[in-house]
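Written below as structure tokens is the structure these notes are about.
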Amino acid sequence: MQSTKNGSAPIPLGTDPDVVAAYSHHCRPELARMLHSLSLDAVYERAEGDYLWQRRGDKLVKILDLVGGFGTNFFGHYHPDLVAEERRLTEQRVPFLAQGSCRLGATRLAEALCERAGDYVVIFTNSGTETVEAAIKHVMLERPKPLLLAVQGAFHGKTTGSIQLTYSYREPYAHLGPEVRFLDMNNPADWRDAEARLKEVAAIFIEPILGEGGVRPLSAEFVAWLKKVQGEDEIPIVADEIQSGFYRAGSFLASQEMGLEPDYICMSKALGGGLAKIGALLIRRERFIEEFSIKHTSTFAEDDRGCFLAVKAIEIAERDDLGARAKETGSYMLERLREVQSRFPGLIKDVRGRGLMLGVELHDISDSPSNAIRMLCRQEFLGYLAAAYMLNVHCIRVAPTLSERFTLRLQPSAYIERKELDRFLDALQMFCKALEAADVPHLTGYQVGCQAKPIIDYSGRALSRREQPRTENRVAFIGHLLHPDHAVLWDASLIALAPHLAEFMARPSHILQGTIYDQLHVQSSAKAEVHLSYIGLDLTPKQIMEGIYSRDTQWMMDKIENAVELARDNGCRIVGLGAYTSILSGNCKRIQTPGTILTSGNSLTVGMAMEAMKQAAQESGIELSKARLAILGATGNIGATLALMLAPQVESTVLVVRDLQSPRVKSMIEEIARAAGNLEVTDDLYALQKCNMIAAASNSPEPLIRVEHLSEGPVVVCDVAVPADVSADVMVERPLATVIRGGLVKLPHNPDFVIAGLDLEPGYAYACMAETLLMGLEGVTDPVSFGPIKPEGVQWALEAAKKHGFALGKFERTGSMANGLKDLRVAHA
Ligand code: PLP
């Protein structure tokens with residue numbers, strides 16, 4: 001089933017969950033999790049020509065394969081003549097393994113390779129990386145020198161030797177191999193610098209076209225330099241043609257076209273026609289050291305099946321003139337890609353390559369008006385977003401390169417038809433249009449079963465403001481959505497996914513790190529200024545509470561640590577841990593990342609809640625010393641402090657807790673009873689009916705206090721919980737109740753202060769965030785709310801708030817979450 005041009009055809013979504021779970025369990029757990037998070041966890045059950053068939057529920061969906069086994073499927077999947085050759089080999093019982101004999105298949109293949117490449121001795125291997133290993137080993141026999149040269153961005157494999165030459169991934173193994181100096185192929189000064197050590201160099205390893213490194217052909221100047229050192233300094237050149245060779249770039253070898261005459265040639269991938277795992281190392285005859293014949297062997301190498309299939313592959317490639325075909329189709333594609341680039345110059349940075357080894361580089365558009373797109377770019381997931389969109393919406397398989405994650409690699413078979421490439425070009429344009437329009441649901445709605453609809457332009461609906469800091473006085477605040485529906489306050493386009501936001505936000509949580517969204521200056525009435533960076537984590541309260549109950553919190557802690565690091569690296573001296581991040585981190589105590597002053601911000605939360613309750617009680621005619629106070633969530637840090645500080649001022653106190661048996665409850669009772677005589681403890685919410693002052697500070701993700709829990713008389717409820725503990729209907733059905741959305745602070749000089757994703761009226765901040773700001777304004781050097789809150793901290797926070805003009809929030813719950821969302825929906829309609 002294929003999509004239509006506007007991508008709206010019905011596509012059954014999802015893959016085979018059983019296979020994904022089992023693969024994740026048995027094979028590569030973290031990778032499988034990442035593929036799932038990115039909606040790239042496809043299960044393919046069939047392959048033929050340029051197509052793969054993906055299992056989607058009870059259907060097999062035909063997918064155009066432009067990845068081509070990262071260059072291996074030059075003939076497509078199961079080319080019929082290769083299949084016939086494989087059958088012949090089986091039917092005629094051609095030996096598979098007869099080691100230590102003069103092998104016919106290897107002979108024929110070596111002859112064929114030398115006919116096309118020159119006079120070399122050929123050592124056969126089983127894979128690309130083994131071929132590079134063999135090259136390193138022969139070089140070291142021939143020229144035992146300490147240094148190898150390679151190119152920045154190079155990929156030569158991942159076994160212990162070859163990984164030394166691979167630019168990324170090598171770090172934990174670098175000490176296990178020879179010293180490697182990586183050349184910047186675009187910087188002649190760097191090559192000249194390397195010349196100082198040429199005498200120590202055993203060989204230079206190159207890919208004529210860097211594959212993994214972003215599909216980058218070597219420049220003519222660099223090739224000229226390589227030829228110079230090869231000629232004048234007699235340094236052998238090892239051309240890794242594992243990906244670029246075998247006609248993919250047009251000629252048998254890409255290096256031939258560049259005028260290079262390599263001393264060693266590594267081949268693999270397409271050599272086996274996509275059906276045999278085979279590699280070949282070609283060593284110039286005069287360099288070959290006979291000892292190597294026994295120094296490098298492998299049980300399966302030189303197998304006759306693989307060799308005969310490779311001979312057949314060469315025959316077919318020349319019969320069908322696949323080199324010319326690759327060149328022609330590649331030029332067509334490059335030209336068409338350039339047209340798309342000229343239409344979207346702000347999105348497509350570059351298109352490049354040779355033959356059918358092509359790369360499309362996307363711009364990093366972290367400045368997108370969409371916060372979701374910003375987040376994906378910041379974490380280098382834009383290429384994966386493109387790949388997932390192509391797969392799930394247009395049934396086309398493309399992939400970014402692993403080390404250049406903004407570059408999509410296109411390596412289809414030489415038989416690919418132009419109309420199939422045109423399909424990709426249409427899909428690419430659609431992708432660009434949706435990116436430009438910041439239409440995240442179009443790009444990702446398939447994740448929650450929503451088909452891509454015609455693109456809507458949300459580009460004028462940026463919700464975050466980013467002011468570059470003009471002061472050294474910088475703080476960061478780490479938070480997350482308090483309800484999945486608040487996602488529409490973070491990215492306006494997500495309104496189109498409204499019923500699915502919980503699922504939508506939770507799916508990629510495991511792989512996404514915190515991102516800086518809003519960056520704002522905040523002024524105080526004491527004429528001071530602080531710059532705030534808000535770092536949002538893709539986490540919801542429900543996910544966090546589930547994680548806490550099931551003891552699966554490490555991944556969330558890692559996210560918080562990472563966010564603290566991000567804050568520190570962005571020059572923030574003080575970091576506030578908002579909402580559930582303070583609970584997860586034991587009120588900051590579990591954070592390991594050094595270099596910042598951390599705060600839970602809870603001292604000001606407690607201070608403001610006390611002030612608000614006293615003021616509201618007075619306005620409602622409730623005499624404090626005669627009041628009956630209830631504290632909900634009294635075992636928490638905020639609840640406990642409120643109880644300790646308020647209990648001595650009221651007539652009686654009730655602690656409402658979730659678990660009466662918890663050891664924490666016992667120690668709390670003893671502590672509070674010392675401060676207040678009349679104390680009760682219960683797990684019954686109906687006990688609230690007899691109280692006229694209530695402080696609610698539970699960490700429940702859902703509201704706990706409903707209408708029936710409250711008396712009909714005057715009652716002050718200070719809801720400090722985030723998300724709220726008091727359900728919205730209390731406002732309507734208990735007219736004598738004063739519900740204070742505790743923990744809110746009005747900023748003195750920033751009436752337009754808004755953080756995208758937080759359900760607050762403009763000009764208001766959470767008290768914990770306000771404490772972070774105050775710490776910045778005051779230039780503190782010691783933590784205020786680190787671990788349990790102390791009365792001195794509460795006192796400090798209240799005094800600082802007064803000095804800088806940070807005032808109590810409003811008493812009514814106007815502009816609450818429900819209203820905010822309703823307004824947005826109206827605006828959208
Ligand atoms: N060299 C190059 C240029 C490659 O592209 C690759 C694989 O992508 C290798 C070496 C490693 O080959 P293999 O994955 O078969 O070990």
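Just one of the listed residues (Ala492, Ala496) is surrounded by fewer than 22 Cβ atoms within 10 Å (Cβ to Cβ) and hydrophobic (A, V, I, L, M, F, W, C), and it is Ala496. Checking each residue in region 372-383 for being over 14 Å from Val440 (Cα atoms) and part of a helix (DSSP H, G or I) picks out Arg378, Gly383.
Scanning region 202-227 for residues that are within 13 Å of the ligand (Cβ to nearest atom) and of a type in the set (D, E, K, R) yields a total of 3. Within 14 Å of the ligand (Cβ to nearest atom), open to solvent by 10 Å² or more (accessible area, probe 1.4 Å) and touching a strand residue (DSSP E or B) at 6+ places or on another chain (Cβ under 7 Å) - does that describe any residue in region 157-168? Looking for residues that are within 14 Å of the ligand (Cβ to nearest atom), open to solvent by 10 Å² or more (accessible area, probe 1.4 Å) and touching a strand residue (DSSP E or B) at 6+ places or on another chain (Cβ under 7 Å), one finds at least one in region 157-168, hence yes.
Of the residues making up region 13-33, those that are open to solvent by 50 Å² or more (accessible area, probe 1.4 Å) and either charged (D, E, K, R) or part of a helix (DSSP H, G or I) (or both) number 12.
Residues are listed down the side, and each one gets a yes or a no for (1) open to solvent by less than 30 Å² (accessible area, probe 1.4 Å); (2) within 16 Å of the ligand (Cβ to nearest atom); (3) outside any loop (DSSP other than H, G, I, E, B):
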position	(1), (2), (3)
Arg93	no, no, no
Gly100	no, no, no
Arg116	no, no, yes
Val122	yes, no, yes
Ala134	yes, yes, yes
Lys137	no, yes, yes
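Residue count for region 277-321, restricted to those that are under 22 Å from Ser413 (Cα atoms), open to solvent by 20 Å² or more (accessible area, probe 1.4 Å) and either within 16 Å of the ligand (Cβ to nearest atom) or of a type in the set (Gly, Ala, Ser) (or both): 1. Hey, any hits in region 746-754 for a residue that's closer than 25 Å to Arg658 by Cβ and open to solvent by 20 Å² or more (accessible area, probe 1.4 Å)? No, the conditions are met nowhere in region 746-754. Assessment of region 678-698 against the conditions (surrounded by fewer than 23 Cβ atoms within 10 Å (Cβ to Cβ), modelled with pLDDT under 90 and among the small types (Gly, Ala, Ser)) yields no matching residue. Annotation note: of Val238, Val180, the sole residue that is β-branched (Val, Ile, Thr), within 31 Å of the chain's Cα centre (by Cα) and either within 16 Å of the ligand (Cβ to nearest atom) or at pLDDT below 95 (or both) is Val180.
Could you please give the count of residues in region 139-156 that are open to solvent by 10 Å² or more (accessible area, probe 1.4 Å), hydrophobic (A, V, I, L, M, F, W, C) and more than 9 Å from the ligand (Cβ to nearest atom)? Matching residues across region 139-156 total 2. The single residue among Glu799, Glu778 that is charged (D, E, K, R), at pLDDT 95 or above, over 14 Å from Leu598 (Cα atoms) and surrounded by 14 or more Cβ atoms within 10 Å (Cβ to Cβ) turns out to be Glu778.
The values are calculated or read from the model by the stated rules, or taken from the named source; none is laboratory data. These numbers were taken from a predicted model, which means no experiment stands behind them. Because the Cβ atoms are built from the backbone with ideal geometry, glycine has one as well, and the counts that use them run over all protein chains shown. With ligands, DNA and RNA removed, areas are computed over all heavy atoms of the protein, side chains included. Shrake-Rupley method; radii C 1.70, N 1.55, O 1.52, S 1.80 Å.
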